[in-house]
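Trainee: The structure that follows is given in the form of structure tokens.
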Amino acid sequence: MRMRKKRHGAERLQNCAEFIAPDREITKADASAPFVNKKGEIHLEIGCGKGAFAVKNAASRPEINFYAMEKVENVIINALEKAMARKDEVKNNLRFICGHAEELEEMFADHSISTIYLNFSDPWPKKGHHRRRLTAPDRLDTYKKLLVPGGKIIQKTDNVELFEYSVEEYRNAGLTVEFATTDLHNSSRAAENITTEYEENFMREGKPICCVIVSTAK
Ligand SMILES: C[S@@+](CC[C@H](N)C(=O)[O-])C[C@H]1O[C@@H](n2cnc3c(N)ncnc32)[C@H](O)[C@@H]1O
């Protein structure tokens with residue numbers, strides 16, 4: 001597929017270079033390398049889109065070090081520019097990775113990540129495409145390797161079928177379900193919820209949001 005390049009894409013990326021994660025050899029050797037607080041937990045969002053969640057999360061939790069990953073360069077430019085617009089608040093604890101979830105094991109050492117966020121991941125509704133889901137068994141094997149003992153995956157989706165599939169796959173993978181709801185905004189976690197771009201659209205449509213939190217063994 002031919003990707004339509006954003007106007008002045010290379011220049012816009014260059015202007016935000018300070019928010020791009022270092023080379024994967026560096027993050028694999030030490031995930032805290034680009035961050036000021038070397039002792040902070042590492043959190044990773046996969047498929048961050050235009051970055052609203054990543055920027056708000058990093059700004060509200062300066063003690064945590066955040067990576068946000070997105071595979072589409074045209075999209076991650078928007079996220080980088082959002083971070084630049086709040087540079088003083090997030091420069092110490094947020095970096096973006098332009099890459100695929102399939103490459104995560106090349107980027108991070110085993111047991112280096114405390115929390116993984118999956119926000120409104122593509123649902124891949126056709127049965128033959130389920131293995132492309134970010135909660136397919138192969139992906140969960142990778143997350144289990146990368147997460148610290150007691151590490152968490154926090155997933156939000158509007159898609160009930162993806163939610164149910166994911167809960168089942170988490171259980172099959174031996175992960176413990178700590179929280180699950182099909183109506184996050186009317187749940188005990190509503191107050192602490194940080195919204196994403198897709199979530200704001202679904203809220204305008206009045207669509208309920210599913211959320212599941214799982215953890216690895218301690
Ligand atoms: C439906 S959008 C949701 C964006 C954002 N998380 C939100 O909630 O507003 C899913 C995003 O995940 C990205 N994505 C899908 N598969 C990915 C993968 N394997 N690795 C990295 N990013 C991926 C897509 O390019 C897209 O930007």
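Trainee: Give the number of residues within the stretch 98-129 that are touching an Asp or Glu at 6+ places or on another chain (Cβ under 6 Å) and over 17 Å from residue 140 (Cβ atoms).
Mentor: From the stretch 98-129, those touching an Asp or Glu at 6+ places or on another chain (Cβ under 6 Å) are 98, 114, 117; that's our starting set.
Checking the rest, the ones that are also over 17 Å from residue 140 (Cβ atoms) come to 98.
Matching residues across the stretch 98-129 total 1.
Trainee: Among the residues of the stretch 128-159, count how many are free of Cβ contacts under 8 Å to residues at least 12 places away in the same chain and closer than 27 Å to residue 30 by Cβ. Quick ask: steps written out before the conclusion?
Mentor: First pass over the stretch 128-159, keeping only residues free of Cβ contacts under 8 Å to residues at least 12 places away in the same chain: 128-129, 131-132, 138.
Checking which are closer than 27 Å to residue 30 by Cβ leaves us with 138.
Count: 1.
Trainee: Contact list please: Cβ distance under 7 Å, first residue in the stretch 102-127 and under 25 Å from residue 63 (Cα atoms), second residue of a type in the set (A, V, I, L, M, F, W, C) and assigned to a helix (DSSP H, G or I), pairs at least six apart or on different chains.
Mentor: The qualifying pairs are 104/146; 108/146; 110/146; 112/146; 113/146; 119/53.
Trainee: Also, I was wondering about something else. Mind checking which residues of the stretch 42-69 are crowded, with 19+ Cβ neighbours inside 10 Å and charged (D, E, K, R)?
Mentor: Taking the stretch 42-69 and keeping what is crowded, with 19+ Cβ neighbours inside 10 Å, we get 42-55, 57-58, 65-69.
45, 50, listed by residue number.
Trainee: Where in the stretch 129-218 are there strands (runs of 3 or more DSSP E), lying wholly inside it, with at least 1 residues that are modelled with pLDDT of 95 or more and loosely packed, with under 14 Cβ neighbours inside 10 Å? I'd like the intermediate steps shown before the answer.
Mentor: On the way: elements: 147-157, 176-181, 210-215.
So the answer is 147-157, 176-181.
Trainee: Tell me, which helices (runs of 4 or more DSSP H) lie completely within the stretch 1-116 with 3 or more residues that are within 16 Å of the ligand (Cβ to nearest atom)?
Mentor: Numbers: elements: 9-15, 24-29, 52-60, 73-85, 87-90, 104-107.
Output list reads 52-60, 73-85, 104-107.
The values are calculated or read from the model by the stated rules, or taken from the named source; none is laboratory data. Here the structure is a predicted model, which is why all the values come from computation and not from measurement. FYI the Cβ positions are ideal-geometry reconstructions off the backbone, even for glycines, and counts take in every protein chain you see.
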